[in-house]
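Just below is one structure, and these are the notes that go with it.
The values are calculated or read from the model by the stated rules, or taken from the named source; none is laboratory data. If you're wondering where the values come from, they're calculated on a predicted model, not measured in any experiment. For neighbour counting, all protein chains shown are included, and Cβ atoms are generated from backbone atoms with ideal geometry for every residue, glycine included. Heavy atoms of the whole protein, side chains included, go into the accessibility calculation; ligands, DNA and RNA do not. Shrake-Rupley method; radii C 1.70, N 1.55, O 1.52, S 1.80 Å.
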Amino acid sequence: MPIEIPAAEGTAQAQVARPSTGTGPFPGVILYMDAFGLRPRIQDMAQRVADWGYIVLAPNVFYREGKAAELAPVTDMTTPEGRETAGKAAFPRVGRLTADRAVADVDAWVKALGGLDGVAPGPIGAFGYCMGARLAVRTATARPDVVAACAGFHGGGLATDAPDSPHLGLAHARARFVFGHADHDPSMSPDAVARLGEALQSAGLEASNEIYPGASHGYSMADTSAFHAEATERHFRELRALLDATLKG
């Protein structure tokens, strides 16, 4: 179900997925898309999570660049060449979504989720893919009062030397974290994974910070050449365990 959300610099579209069965109310979670945007694959993933007993909000975080349909890939990304072609349009948007812009939108996403019919009061979850993993972490650090669960999968740039690196805000978080990193990922090297783990430990946070062997960056996206079925199913298992323990326990 598409909705519109008043965000920091305009109106953002978002997709909402609800459980196929059950009466609710249900805990709410935010799904942060990857660089290729809102499209059928993201909707399918949102629905799978919703059918665990959650209401899922997936915002178009690139709303400043255009509507979701305008930004969706038009090439077949199941080949490396097609994925590379789609990336030439998508990846520059990631750079333009600065930390300041991302954080400015967090309250809008949280408010929109809480205002949906059937969302239970109380803590929420946030999870994301690729650059969406950074957005999930920024949500957990900006809104520790509401975010109890945070997860990132094949995320990039989570622990860098930049002064606004996401890992630097972890001291403010109160969530439980799960990270499933891609193997041999240039955007999240083993040293960066270790740095992230040290920041989680230093902040006293309960966390899992694992590298998925053999899984490349983008492994959960079945509409791209990076898809890795085993890693994808592992990520779903670990995500569900996290959400159930923190939002239903």
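Mind listing whichever residues of the range 117-128 are surrounded by fewer than 24 Cβ atoms within 10 Å (Cβ to Cβ) and either aromatic (Phe, Trp, Tyr) or in a strand (DSSP E or B) (or both)? I'd like the intermediate steps shown before the answer.
Restricting attention to the range 117-128, the residues satisfying the condition of being surrounded by fewer than 24 Cβ atoms within 10 Å (Cβ to Cβ) are 117-123.
Within the range 117-128, VAL119 is the sole residue that qualifies.
Here's the yes/no breakdown for (1) surrounded by fewer than 24 Cβ atoms within 10 Å (Cβ to Cβ); (2) within 23 Å of ARG240 (Cβ to Cβ):
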| position | (1), (2) |
| --- | --- |
| VAL110 | yes, yes |
| GLY115 | yes, no |
| CYS130 | no, yes |
| ALA149 | no, yes |
| GLY152 | no, yes |
| GLY155 | no, yes |
| ASP164 | yes, no |
| LEU168 | yes, no |
| ALA171 | yes, no |
Among all residue pairs at least 6 apart or on different chains, which show Cβ distances below 9 Å where the first residue, located in the range 82-99, is in contact (Cβ under 8 Å) with a residue 40 or more places away in the chain and farther than 18 Å from LEU158 by Cα and the second is open to solvent by less than 50 Å² (accessible area, probe 1.4 Å) and part of a helix (DSSP H, G or I)? ALA90/LEU71
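Could you run through the range 205-228 and say how many residues are open to solvent by 70 Å² or more (accessible area, probe 1.4 Å), assigned to a loop (DSSP other than H, G, I, E, B) and in contact with a helix residue (DSSP H, G or I) (Cβ under 9 Å, 6 or more places away or on another chain)? Give the derivation first.
Start the filter on the range 205-228 by keeping residues that are open to solvent by 70 Å² or more (accessible area, probe 1.4 Å), which leaves 206, 210, 213, 227.
Those left that are additionally assigned to a loop (DSSP other than H, G, I, E, B): 206, 213, 227.
Within this subset, residues satisfying the condition of being in contact with a helix residue (DSSP H, G or I) (Cβ under 9 Å, 6 or more places away or on another chain) are 206, 213.
Residues that pass the stated criteria total 2.
Being among the basic types (Lys, Arg) and buried (at least 16 other Cβ atoms within 10 Å of the Cβ) narrows it down to one residue among ARG64, ARG101; which is it? Let's see the steps before the verdict.
Working: ARG101 fails: buried (at least 16 other Cβ atoms within 10 Å of the Cβ).
Sole residue among the options that is among the basic types (Lys, Arg) and buried (at least 16 other Cβ atoms within 10 Å of the Cβ): ARG64.
I'd like to verify a number: residues in the range 32-54 that are assigned to a loop (DSSP other than H, G, I, E, B) and either in contact with a Leu (Cβ under 6 Å, 6 or more places away or on another chain) or among the hydroxyl-bearing types (Ser, Thr, Tyr) (or both), how many? Spell out how you get there, then give the answer.
The initial filter retains those residues of the range 32-54 that are assigned to a loop (DSSP other than H, G, I, E, B), namely 33-39, 51-54.
Remaining after also requiring either in contact with a Leu (Cβ under 6 Å, 6 or more places away or on another chain) or among the hydroxyl-bearing types (Ser, Thr, Tyr) (or both): 37, 54.
Residues meeting the conditions: 2.
Sort out which residues of the range 55-74 are β-branched (Val, Ile, Thr) and assigned to a loop (DSSP other than H, G, I, E, B), and write them in order of number. Give the derivation first.
We begin by selecting, within the range 55-74, every residue β-branched (Val, Ile, Thr); these are 55-56, 61, 74.
Listed by number, the residues that qualify are VAL61, VAL74.
Does the range 132-147 hold any residues that are open to solvent by less than 10 Å² (accessible area, probe 1.4 Å) and either among the β-branched types (Val, Ile, Thr) or under 19 Å from GLN15 (Cα atoms) (or both), and which are they? Give the steps one after another, and end with the answer.
Taking the range 132-147 and keeping what is open to solvent by less than 10 Å² (accessible area, probe 1.4 Å), we get 132-133, 136-137, 139-140, 147.
GLY132, ALA133, ALA136, VAL137, THR139, VAL147 - these are the residues of the range 132-147 that are open to solvent by less than 10 Å² (accessible area, probe 1.4 Å) and either among the β-branched types (Val, Ile, Thr) or under 19 Å from GLN15 (Cα atoms) (or both).
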MET77 vs. criteria open to solvent by less than 50 Å² (accessible area, probe 1.4 Å), over 15 Å from VAL119 (Cα atoms) and in a helix (DSSP H, G or I): no
Return the pairs, sorted by first residue and then second, in which the second residue is open to solvent by less than 60 Å² (accessible area, probe 1.4 Å) and of a type in the set (Val, Ile, Thr), the first residue lies in the range 229-249 and is in a helix (DSSP H, G or I), the beta carbons are less than 6 Å apart, and the residues are 6+ apart or on different chains. GLU238/VAL178; LEU242/VAL178
